[in-house]
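Trainee: Could you have a look at this structure, given as structure tokens, before my questions?
The values are calculated or read from the model by the stated rules, or taken from the named source; none is laboratory data. Small disclaimer: the values here were computed from a predicted structure and weren't measured. As a convention, Cβ positions derive from the backbone with ideal geometry for all residues, glycine included, and neighbour counts pool all protein chains shown. Ligands, DNA and RNA are stripped out before the accessible areas are found, and what is left, the full protein with its side chains, is counted by its heavy atoms. Shrake-Rupley method; radii C 1.70, N 1.55, O 1.52, S 1.80 Å.
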Amino acid sequence: MTTVHTFSILLFFCSLFSASLIIAKVQHHDFVIQETPVKRLCKTRNAITVNGMFPGPTLEVNNGDTLEVKVHNRARYNITIHWHGVRQIRTGWADGPEFVTQCPIRPGKSYTYRFTIQGQEGTLWWHAHSSWLRATVYGALIIHPTPGSSFPFPKPDRQTALMLGEWWNANPVDVINQATRTGAAPNISDAYTINGQPGDLYNCSTKETVVVPINSGETSLLRVINAALNQPLFFTVANHKLTVVGADASYLKPFTTKVLMLGPGQTTDVLLTADQPPKRYYIAARAYQSAQNAPFDNTTTTAILQYKKTTTTSKPIMPVLPAFNDTNTVTSFSRKFKSLRNVVVPKTIDDNLFFTIGLGLDNCPKKFPKSRCQGLNGTRFTASMNNVSFVLPSNFSLLQAHSNGIPGVFTTDFPSKPPVKFDYTGNNISRALFQPVKGTKLYKLKYGSRVQVVLQDTNIVTSENHPIHLHGYDFYIVGEGFGNFNPKKDTSKFNLVDPPLRNTVAVPVNGWAVIRFVADNPGVWLMHCHLDVHIKWGLAMAFLVDNGVGELETLEAPPHDLPIC
């Protein structure tokens, strides 16, 4: 090889190295958790916020950037922050669920979350993962393409994050604490919100209604996030079509729809073109309610899509939203999701798991007064996966116990299938199946294991659409359907070519969904229902993924400032 060629190659690699140094940035942020007076629905209460903002600050990064977020807890509650959907490759200490990957940040203390965005683009979000603090502690996490690359669709003229939430006039922590004391279901929310504001249809809310500006002919990228605690939500914009292009920070084959349905935790990126007469149009969201006879907040939150030069006194046009129980619309919508390109889905399965999910009823303990057993027929509400109601430890986090070999904190005997096979979605379920066992049980996976999980809804107490979120991983949704999963009949219908890549799957009411992933991220990773009342009741489990070979397949050492219990 000539000296000139050698020099040229060296210059080429030096330029690549320099470019990588320029492209990859380290962002530093400070989050101050504090009480802030917030007025909604004519009333003011102290809400827990980040930096005095509700919702909290939007973080914008590029694929490949590193985030260092120092969280200062100046509130009266313990808190953690979860970076919802971030893969956290080898950085499980930064994942955030309380008593799973860390002990909480105590009042007066701080902790710095350090992690790198690797191979993800689109819309994610962050939120508190302690008690019900995420009712007000949440914000958007926008991941832009690496500089020099672009979206796989025409660049939009505008981009707007729209966070759907729930608002309680009462302190949400008091709401869930009261429910925990009584064993009953917690009080429903008083309003839904878009970017923290209820909108025109609620009292004392019109002046602060969120306005999304647009010019005729422009295309806007709407990043829609369901940050609600306990409610799947329909979302639409009056008289406008929505072209879905991404979800959970993964690109999709574009398809057009009038209505979105997002389970809590899910994100959806849509393109909206301003092709209507220049007026004001309501952006609206309201409940999708799949659980029969369960009370829910049946109100509607609104924002306004406002064309330029439109008079602000004109009444916005109201869209038609699906009926609260319109499962057909939900099914039609979810079945349109396909990855943008053909993907490599695990074909050979090492761990074939079958998890039943749903509610339950604990018999009232003899020592409890009736006031503490206000669930159905004098019981206490509970929930489980494979008949195990998950109990979080309190003296150590699960990851700390695993990393340090601390015994007695958890066991690794979470069942790979339900202990009893029954007609999961039938109407005559034995009452003996209503009361799960309590335990801190994990399921152990070898590094690199190819995993399939069948998530089967049950009709114990009531069936419901459950948004199941897996920490530390994205997964392919290869199939979904209604009734009891039948491996002989349903496996042949799996999409193993271009299934969508998600971090949260909305398991159909009285139905099932099947996900696949490769266990290539060591650590302890929570899988749970993202209806917060259900995780409080125990609808969760965790995977313990062993280290692989070498440093790049091994969990990083815990940071020096990791909170202690």
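Trainee: Would you be able to say whether some residue in the range 347-361 is modelled with pLDDT of 95 or more and in contact with a Gly (Cβ under 7 Å, 6 or more places away or on another chain)?
Mentor: Within the range 347-361, one or more residues are modelled with pLDDT of 95 or more and in contact with a Gly (Cβ under 7 Å, 6 or more places away or on another chain).
Trainee: Between a residue in the range 346-371 that is more than 22 Å from D413 (Cα to Cα) and free of Cβ contacts under 8 Å to residues at least 60 places away in the same chain and any residue that is among the charged types (D, E, K, R) and open to solvent by 80 Å² or more (accessible area, probe 1.4 Å), which pairs come within a Cβ distance under 9 Å, given they are 6 or more apart or on different chains?
Mentor: Listed by first residue and then by second, the contacts come to P365/R372.
Trainee: Could we say that I429 is part of a loop (DSSP other than H, G, I, E, B), over 29 Å from F475 (Cα atoms), without any contact (Cβ under 8 Å) to a residue 40 or more places away in the chain and open to solvent by less than 30 Å² (accessible area, probe 1.4 Å) here?
Mentor: yes
Trainee: Among the listed residues P522, P559, identify the single one that is modelled with pLDDT of 95 or more, under 21 Å from T101 (Cβ atoms), crowded, with 22+ Cβ neighbours inside 10 Å and of a type outside the set (A, V, I, L, M).
Mentor: P522
Trainee: Still on this structure: Go through the range 172-190 and give me each residue that's touching a residue at least 60 places away in the same chain (Cβ under 8 Å) and either open to solvent by 30 Å² or more (accessible area, probe 1.4 Å) or closer than 17 Å to G263 by Cα (or both).
Mentor: Of everything in the range 172-190, those that are touching a residue at least 60 places away in the same chain (Cβ under 8 Å) and either open to solvent by 30 Å² or more (accessible area, probe 1.4 Å) or closer than 17 Å to G263 by Cα (or both) turn out to be T180, R181, A185, I188, S189, D190.
Trainee: Going by the conditions given, is V211 of a type outside the set (S, T, Y) and more than 30 Å from N78 (Cα to Cα)?
Mentor: Answer is yes for this residue.
Trainee: Hey, another quick one. Tell me whether the range 478-498 contains one or more residues that are more than 25 Å from R431 (Cβ to Cβ), of a type in the set (V, I, T) and open to solvent by less than 10 Å² (accessible area, probe 1.4 Å).
Mentor: yes
Trainee: Now a separate question. If we keep just the residues of the range 292-337 that are small (G, A, S) and outside any loop (DSSP other than H, G, I, E, B), which is least open to solvent (accessible area, probe 1.4 Å)?
Mentor: Result: A303.
Listed here are the residues, each with its yes/no results for (1) in contact with a His (Cβ under 6 Å, 6 or more places away or on another chain); (2) assigned to a strand (DSSP E or B); (3) open to solvent by less than 30 Å² (accessible area, probe 1.4 Å); (4) modelled with pLDDT under 95.
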{"position": "P37", "(1), (2), (3), (4)": "no, yes, no, no"}
{"position": "I48", "(1), (2), (3), (4)": "no, yes, yes, no"}
{"position": "P55", "(1), (2), (3), (4)": "no, no, yes, no"}
{"position": "V69", "(1), (2), (3), (4)": "yes, yes, yes, no"}
{"position": "H72", "(1), (2), (3), (4)": "no, yes, no, no"}
{"position": "A75", "(1), (2), (3), (4)": "no, no, yes, no"}
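Trainee: Give the range 347-385 a look and list any residue that's open to solvent by 80 Å² or more (accessible area, probe 1.4 Å), over 30 Å from K493 (Cα atoms) and among the charged types (D, E, K, R), or say none.
Mentor: The answer is K366, K367, K370, R372.
Trainee: Something else: Restricting the search to the range 432-461, which residues are open to solvent by 20 Å² or more (accessible area, probe 1.4 Å) and among the polar types (S, T, N, Q)?
Mentor: Those that are open to solvent by 20 Å² or more (accessible area, probe 1.4 Å) and among the polar types (S, T, N, Q): Q435, T440, N459.
Trainee: Quick check, is Q88 part of a loop (DSSP other than H, G, I, E, B), under 17 Å from L526 (Cβ atoms), among the polar types (S, T, N, Q) and in contact (Cβ under 8 Å) with a residue 60 or more places away in the chain?
Mentor: Considered against the rule, which asks whether it is part of a loop (DSSP other than H, G, I, E, B), under 17 Å from L526 (Cβ atoms), among the polar types (S, T, N, Q) and in contact (Cβ under 8 Å) with a residue 60 or more places away in the chain, Q88 comes out as yes.
Trainee: Would you tally the residues in the range 528-556 being crowded, with 19+ Cβ neighbours inside 10 Å, out of contact with any helix residue (DSSP H, G or I) (no Cβ under 8 Å at 6 or more places or on another chain) and over 30 Å from C373 (Cβ atoms)?
Mentor: Counting residues in the range 528-556 that are crowded, with 19+ Cβ neighbours inside 10 Å, out of contact with any helix residue (DSSP H, G or I) (no Cβ under 8 Å at 6 or more places or on another chain) and over 30 Å from C373 (Cβ atoms) gives 2.
One line per residue, one yes/no per condition, for (1) basic (K, R); (2) within 18 Å of R45 (Cα to Cα); (3) assigned to a helix (DSSP H, G or I):
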position	(1), (2), (3)
A161	no, no, no
V175	no, yes, yes
T193	no, yes, no
L201	no, no, no
V212	no, no, no
